[in-house]
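This report concerns only the one structure given below.
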Amino acid sequence: MSYRPEREKAGYCKVWRRNIEPGFLLRRNEYGPLTAAREAVPTGGSPFYEATDIYGDLMAFDLRDVSVIADCSPEAIVANDRDQEEEATYKKTHGEE
């Protein structure tokens, strides 16, 4: 598995905003409330959301700019890292890298 900080190994919620790179990481427990808040915006919900990132800092952002929200479980993170390692090994073995 590739290196990951301990705070990421427990899982996280990754958020990408339109035309803004890169995405940012929130605590995993923010996934449910964040998706609910995003769905409520068209029906009169607040377009702004405050969340705690994986470093423990509070941040606020406009939900209208959010393009993707991903719930990254610890199991999925391990599987993704394994897939990336297999792909790198394949490319190295077959001279693609």
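The values are calculated or read from the model by the stated rules, or taken from the named source; none is laboratory data. In this text the structure is predicted, and so the values were computed from the model without any measurement. Neighbour counts are summed over all protein chains in view; Cβ atoms, including those assigned to glycine, are modelled from backbone coordinates with ideal geometry.
Within the set of pairs 6+ apart or on separate chains, which have a first residue in segment 2-31 that is on the phi > 0 side of the Ramachandran plot, a second that is in a strand (DSSP E or B), and C-beta atoms under 8 Å apart?
Listed by first residue and then by second, the contacts come to GLY11/ASP71; GLY11/CYS72.
Could you pull out the residue among GLU85, GLU96 that is among the acidic types (Asp, Glu) and exposed (fewer than 12 other Cβ atoms within 10 Å of the Cβ)?
GLU96
Among the strands (runs of 3 or more DSSP E) contained in segment 35-84, which hold 1 or more residues that are of a type outside the set (Asp, Glu), over 16 Å from PRO22 (Cα atoms) and free of Cβ contacts under 8 Å to residues at least 40 places away in the same chain? Steps first, answer last, please.
Details: elements: 48-52, 58-62, 66-72.
Here the list reads 48-52, 58-62.
Have a look at VAL41, VAL15, VAL78 and point out the one that is surrounded by 12 or more Cβ atoms within 10 Å (Cβ to Cβ), of a type in the set (Val, Ile, Thr) and modelled with pLDDT of 95 or more. Even if it seems obvious, please write down each step before you answer.
Working: VAL41 fails: modelled with pLDDT of 95 or more; VAL78 fails: modelled with pLDDT of 95 or more.
Answer to the check: VAL15.
Looking at segment 54-97, which of the residues that are in contact with a helix residue (DSSP H, G or I) (Cβ under 9 Å, 6 or more places away or on another chain) and among the acidic types (Asp, Glu) is farthest from ARG4 (Cα to Cα)?
GLU96
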